[in-house]
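Values in this text are rule-based calculations from the coordinates and carry no lab data. Predicted model only: the values in this text are computed from it and were never measured. Positions of Cβ are generated from backbone atoms using ideal geometry, with glycine treated the same way; all protein chains shown enter the neighbour counts.
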Amino acid sequence: MGTFEELIQNLITPLLSYPEDFEIENQGEVDGFLTFNVKVRESDLGRVVGKGGHIAKAIRTILYAKASKESKKVRLNIDAK
C-alpha cells in the first residue's frame, strides 16, 4: 500500500486544472496527528474543496480510513498558493 502523500496526490491531481502548481507538505506528527498541508493554485481551490466542502470532506474521509487501518490519526489542510 502506498504512502499518505501518494494517496493525497492520486485523489487531488485529477481535480486540478493546473496540476503543476500542486504541492504536498508533510509536517510530521503534530499534536498526535500526521499533518499534511496541500497547496493548489487559487483558481483550483474551489474544485478541491467543492460546494459546501463536500469534496474536501470526502478526501479526508478516505485519508481517515487509511489512517485507522494503520492506527494513526491524520489531518489535511488545503490552501491556495
**Fill in**
Across segment 11-61, the tally of residues that are of a type outside the set (Phe, Trp, Tyr), in contact with a helix residue (DSSP H, G or I) (Cβ under 8 Å, 6 or more places away or on another chain), outside any strand (DSSP E or B) and surrounded by 15 or more Cβ atoms within 10 Å (Cβ to Cβ) stands at 13
**Request:** Search segment 38-57 for residues that are charged (D, E, K, R) and pair each with any residue that is in a loop (DSSP other than H, G, I, E, B) when their beta-carbon atoms are under 7 Å apart and the residues are at least 6 apart or on different chains.
**Result:** LYS39/LYS81; ARG41/TYR18; ARG41/LYS81; GLU42/LYS81; ASP44/LEU16; ASP44/SER17; ASP44/TYR18; ARG47/LEU16
**Request:** Quick one: in segment 62-81, of everything that is more than 24 Å from ARG41 (Cβ to Cβ) and in a helix (DSSP H, G or I), which residue is nearest to the chain's Cα centre (by Cα)?
**Result:** TYR64
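Return the total of residues in segment 62-76 being surrounded by 12 or more Cβ atoms within 10 Å (Cβ to Cβ) and over 14 Å from LEU11 (Cα atoms).
Here is the first cut: in segment 62-76, the residues surrounded by 12 or more Cβ atoms within 10 Å (Cβ to Cβ) are 62-64, 66-67, 72-76.
Next cut, over 14 Å from LEU11 (Cα atoms) only: 67, 72-75.
Total meeting the criteria: 5.
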